[in-house]
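Visitor: Structure below; questions to follow.
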């Protein structure tokens with residue numbers, strides 16, 4: 001969809017004494033737009049700026065343009081708490097989500113404040129001046145520098161420029177078209193073509209039914225199965241509530257209904273993994289029939305929610321398999337041939353198009369090079385504080401979502417915490433906030449998840465601890481207690497300040513508790 005282009009104020013080079021802004025938001029996607037709106041509503045005196053490396057807002061939902069791209073969560077939780085989702089489909093397509101983000105930004109005046117085409121390269125913290133010196137690359141190749149008191153990273157946790165691309169023997173001999181979903185060629189015509197999609201995650205589960213409508217046949221080639229569950233594309237209760245209640249109240253009730261149900265099923269899977277696994281496989285068997293080899297193609301060798309469960313709106317993948325327009329092959333690749341893929345079983349899959357849906361490449365802190373008082377900062381050696389700050393990294397927040405629920409649920413809570421913290425610091429004249437690592441907290445993996453993209457990134461991601469406030473909860477209620485109502489001055493967060501500097505110069509009505 002067309003992006004409303006707005007001329008942004010030029011960024012200038014200067015001496016680093018007076019900060020250009022109180023807070024710099026990095027990224028104009030779902031998290032960034034949400035963060036800006038929370039600041040408008042709850043911390044209106046904060047001077048914030050937003051930079052976006054790309055020419056358009058939307059983040060993931062503008063970047064991904066492969067056939068059928070959609071949410072893997074319901075929009076009543078993936079959407080913002082402050083903006084009701086009113087469209088019929090709860091499992092929404094990518095263009096609908098992009099319109100939702102765009103309208104949120106336009107209606108609130110955020111779009112006019114986004115500075116597009118500015119990629120953050122590095123950020124250097126000065127303790128003596130209580131500010132970040134940020135270096136940006138502009139689309140014309142120029143380098144610019146800005147200063148800010150706080151950095152708010154809303155750039156996600158995967159690379160926009162590189163996907164996970166395993167090397168397959170013989171790949172260079174393939175005479176057809178090789179495609180990566182993250183960089184989908186819009187001119188690609190797959191009508192009447194034989195397509196093989198390598199992968200079994202959410203992207204593959206989306207691509208296969210979408211392409212099957214036009215392709216001659218689509219095969220999902222997987223090394224191992226994934227849990228896949230049919231879910232109604234429309235939420236019947238939400239639609240009923242929208243008929244009889246104000247939009248905001250209907251959205252709020254539906255959101256909480258889905259939060260509670262999601263938490264219940266996750267806890268059930270953790271407590272009774274074998275029973276839940278058996279139930280999920282039974283549901284799949286009901287979709288595909290007793291003649292289909294469900295045990296081979298849809299029975300994973302891990303417990304439910306050790307990896308994310310794929311949601312299929314109205315069972316679209318199952319429908320295409322039943323109709324014969326799509327098929328599933330569980331095997332390993334020996335090599336790529338000029339006309340397709342040779343498998344370990346001896347079978348050869350003929351293909352005109354091969355789509356490599358083999359996963360994301362994760363990064364940490366948006367691939368920004370951080371330093372603190374001249375010393376390089378390595379996020380892989382840091383411990384996460386409440387899942388939204390890192391140990392010994394002053395005045396930096398990061399929007400990180402859940403692995404077992406909608407991303408925005410945690411992003412909304414994080415934004416609320418940021419607003420609380422800014423008010424607390426202003427009230428007390430603080431200019432620096434940094435969580436100091438507890439030497440008694442034992443390090444654990446940041447994500448308790450066995451997915452390949454998480455395991456591949458273990459060496460670059462920070463860790464979590466075995467106790468509060470270093471635990472990274474995958475639980476909305478636990479995070480609500482931790483981020484919305486817990487004490488800010490908790491003995492772990494270290495506050496320092498200068499009486500004349502920063503936010504403390506301005507007064508603001510204080511209606512929220514610390």
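The values are calculated or read from the model by the stated rules, or taken from the named source; none is laboratory data. Keep in mind that what you see is a predicted model, and the values were worked out from it rather than measured. Cβ sites come from the backbone with ideal geometry, for glycine too, and all protein chains shown count toward neighbours.
Matching residues to (1) surrounded by 21 or more Cβ atoms within 10 Å (Cβ to Cβ); (2) in contact with a helix residue (DSSP H, G or I) (Cβ under 8 Å, 6 or more places away or on another chain); (3) modelled with pLDDT of 95 or more; (4) within 27 Å of residue 18 (Cβ to Cβ):
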site: 80; (1), (2), (3), (4): yes, yes, yes, no
site: 87; (1), (2), (3), (4): no, yes, no, no
site: 104; (1), (2), (3), (4): yes, yes, yes, no
site: 121; (1), (2), (3), (4): no, no, yes, yes
site: 128; (1), (2), (3), (4): no, no, no, yes
site: 132; (1), (2), (3), (4): yes, no, yes, yes
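Visitor: Still on this structure, please answer the following. Pull out all pairs, ordered by first then second residue, where Cβ-Cβ is under 6 Å, the residues are six or more apart or on different chains, the first lies in segment 253-265 and is closer than 18 Å to residue 401 by Cβ, and the second is part of a helix (DSSP H, G or I).
Guide: Short answer, once both residue conditions are applied: 255/76; 255/77; 258/76; 258/77; 259/476.
Visitor: May I pose another question? If I filter segment 190-201 for residues that are buried (at least 23 other Cβ atoms within 10 Å of the Cβ), in a loop (DSSP other than H, G, I, E, B), modelled with pLDDT of 95 or more and in contact with a helix residue (DSSP H, G or I) (Cβ under 8 Å, 6 or more places away or on another chain), do I get at least one hit?
Guide: no
Visitor: If a residue must be in contact with a strand residue (DSSP E or B) (Cβ under 9 Å, 6 or more places away or on another chain) and over 26 Å from residue 278 (Cβ atoms), how many such residues does segment 207-220 contain?
Guide: So the answer is 9.
Visitor: Now, a different point. Need the failing condition index for residue 327 against (1) in contact (Cβ under 8 Å) with a residue 12 or more places away in the chain; (2) outside any strand (DSSP E or B); (3) surrounded by fewer than 18 Cβ atoms within 10 Å (Cβ to Cβ), just the number.
Guide: It fails just one condition, (2).
Visitor: Let me ask something additional. What strands (runs of 3 or more DSSP E), lying completely within segment 343-447, carry at least 2 residues that are surrounded by 20 or more Cβ atoms within 10 Å (Cβ to Cβ) and either modelled with pLDDT of 95 or more or in contact with a strand residue (DSSP E or B) (Cβ under 6 Å, 6 or more places away or on another chain) (or both)?
Guide: Strands (runs of 3 or more DSSP E) meeting the threshold: 353-356, 396-398, 432-435.
Visitor: Any chance segment 174-185 includes a residue that's exposed (fewer than 14 other Cβ atoms within 10 Å of the Cβ) and either assigned by TED's automatic domain parsing to the domain that holds residue 413 or within 30 Å of residue 429 (Cβ to Cβ) (or both)?
Guide: Taking every residue of segment 174-185 in turn, none turns out to be exposed (fewer than 14 other Cβ atoms within 10 Å of the Cβ) and either assigned by TED's automatic domain parsing to the domain that holds residue 413 or within 30 Å of residue 429 (Cβ to Cβ) (or both).
Visitor: In the set 221, 216, 207, which member is under 15 Å from residue 310 (Cβ atoms) and at pLDDT 95 or above?
Guide: 207
Visitor: Out of segment 222-250, which residues are touching a helix residue (DSSP H, G or I) at 6+ places or on another chain (Cβ under 6 Å) and part of a helix (DSSP H, G or I)?
Guide: Hits for segment 222-250 are 238, 241, 242, 250.
Visitor: While we're here: Go through (1) part of a helix (DSSP H, G or I); (2) at pLDDT below 95 for residue 305 and report which single condition fails.
Guide: (1)
Visitor: Scan segment 451-461 and give yes if some residue there is touching a helix residue (DSSP H, G or I) at 6+ places or on another chain (Cβ under 8 Å), modelled with pLDDT under 95 and crowded, with 18+ Cβ neighbours inside 10 Å, otherwise no.
Guide: There is at least one residue in segment 451-461 that is touching a helix residue (DSSP H, G or I) at 6+ places or on another chain (Cβ under 8 Å), modelled with pLDDT under 95 and crowded, with 18+ Cβ neighbours inside 10 Å.
Visitor: Let me ask you something else. Taking into account only those residues within segment 485-514 that are surrounded by 13 or more Cβ atoms within 10 Å (Cβ to Cβ) and assigned to a helix (DSSP H, G or I), which is modelled with the lowest pLDDT?
Guide: 504
Visitor: Can you tell me which residue among 299, 332, 290 is touching a helix residue (DSSP H, G or I) at 6+ places or on another chain (Cβ under 6 Å) and surrounded by fewer than 20 Cβ atoms within 10 Å (Cβ to Cβ)?
Guide: 299
Visitor: Report yes if residue 28 is touching a strand residue (DSSP E or B) at 6+ places or on another chain (Cβ under 6 Å), assigned to a loop (DSSP other than H, G, I, E, B), modelled with pLDDT under 95 and closer than 13 Å to residue 118 by Cα, otherwise no.
Guide: Numbers: touching a strand residue (DSSP E or B) at 6+ places or on another chain (Cβ under 6 Å): yes; assigned to a loop (DSSP other than H, G, I, E, B): yes; modelled with pLDDT under 95: no; closer than 13 Å to residue 118 by Cα: yes.
It is false that residue 28 is touching a strand residue (DSSP E or B) at 6+ places or on another chain (Cβ under 6 Å), assigned to a loop (DSSP other than H, G, I, E, B), modelled with pLDDT under 95 and closer than 13 Å to residue 118 by Cα.
Rundown of residues vs (1) free of Cβ contacts under 8 Å to residues at least 24 places away in the same chain; (2) in the same structural domain as residue 330 (by TED's automatic domain parsing); (3) over 22 Å from the mean Cα position of the chain (by Cα), yes/no style:
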| position | (1), (2), (3) |
| --- | --- |
| 204 | no, yes, no |
| 215 | no, yes, yes |
| 237 | yes, yes, yes |
| 242 | no, yes, yes |
| 247 | no, yes, yes |
